[in-house]
1. So which residues in the range 123-167 are among the aliphatic types (A, V, I, L, M) and touching a strand residue (DSSP E or B) at 6+ places or on another chain (Cβ under 9 Å)?
2. Grab the helices (runs of 4 or more DSSP H) fully contained in the range 1-88, keeping just those with 1 or more residues being more than 20 Å from the chain's Cα centre (by Cα) and under 30 Å from Met132 (Cβ atoms).
3. Could you check, for the range 113-131, whether at least one of its residues is without any contact (Cβ under 8 Å) to a residue 12 or more places away in the chain and of a type outside the set (Lys, Arg)?
4. I'd like the full set of residues that are among the hydrophobic types (A, V, I, L, M, F, W, C), more than 17 Å from Leu11 (Cβ to Cβ) and surrounded by fewer than 13 Cβ atoms within 10 Å (Cβ to Cβ), limited to the range 119-145.
5. So for the range 54-77 (the condition being in contact (Cβ under 8 Å) with a residue 24 or more places away in the chain and in contact with a strand residue (DSSP E or B) (Cβ under 7 Å, 6 or more places away or on another chain)), does at least one residue qualify?
6. Starting from residues that are in contact with a Lys or Arg (Cβ under 8 Å, 6 or more places away or on another chain) and at positive phi, keep the ones in the range 57-80 and report whichever is surrounded by the fewest Cβ atoms within 10 Å (Cβ to Cβ).
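Readers should treat all values here as calculations from the given coordinates under stated rules, not as data from a laboratory. Remember, predicted model here, so these are calculated numbers, not experimental data. Glycine gets a Cβ as well: all are built from the backbone with ideal geometry, and neighbour counts include every protein chain shown.
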Amino acid sequence: MPAIVNNHNFLYFDSLIRNQRANSILSFIMATYHSKDNVGHVDQEKVARRLIDAYNLFRNDIRKSETGSGNYPGTIEKFKKQYTLGREFGVWTGKDLNLSYLAEKVAKQEITIREYLSIALFNFVEPVNQKMINPLKIVFEGMINNGLDTIDTNKVKYFFEQNEIPVDPIDETTGENKKNNNALNSLYDLLENTVFLLTMQKTRHSRIVFLNP
């Protein structure tokens, strides 16, 4: 089961991994799958080390480095900070890092990471102001209600505003939005890597359209 994030007063996604989320999730899956012993037990320290190789294989170079792993050192301490994204999107079934049924299918190449992420995002819910929301549902309803077949980040933000759901953190002192767009960009990065939507161009404000049936 995916872990449900804590309640926030704005749309929230863990900010440690802000882009290449699909390939990061794929890296978690493959590093875990190839860290099992002969009886299927997963060695967490081995997963932490193998994640370096998985990042380098599946992610583009990041943070002005020449590797997909960037400055990630492969220690268990750093891994526990990295793996929140995987927990939120159902990669593991528990603290022992056993792969979920769908994650196992990705590892065995029975489904693609895009198909996996589509299922995960379709079922993803989080509490905002003590109300459970499904971000994908808000985007789809926004497109339908506004008669749109293409969207960009500005339109996605507008859909949440229509539902009175802040997409930016709120300053508790002033009550104003801080406008850092981290959650909005994270959601858009996820949307670009689903089977529901087709990216027309790889830019921050790329337009995406529903795939033809």
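1. Val125, Val128, Met132, Ile133, Val139, Met143, Ile151, Ile165, Val167
2. Of the helices (runs of 4 or more DSSP H) lying wholly inside the range 1-88, none has at least 1 residues that are more than 20 Å from the chain's Cα centre (by Cα) and under 30 Å from Met132 (Cβ atoms).
3. For the range 113-131, residues without any contact (Cβ under 8 Å) to a residue 12 or more places away in the chain and of a type outside the set (Lys, Arg): absent.
4. Once the filter is applied, which keeps residues that are among the hydrophobic types (A, V, I, L, M, F, W, C), more than 17 Å from Leu11 (Cβ to Cβ) and surrounded by fewer than 13 Cβ atoms within 10 Å (Cβ to Cβ), the range 119-145 yields only Ile144.
5. no
6. Of everything passing the filter in the range 57-80, Gly70 is surrounded by the fewest Cβ atoms within 10 Å (Cβ to Cβ).
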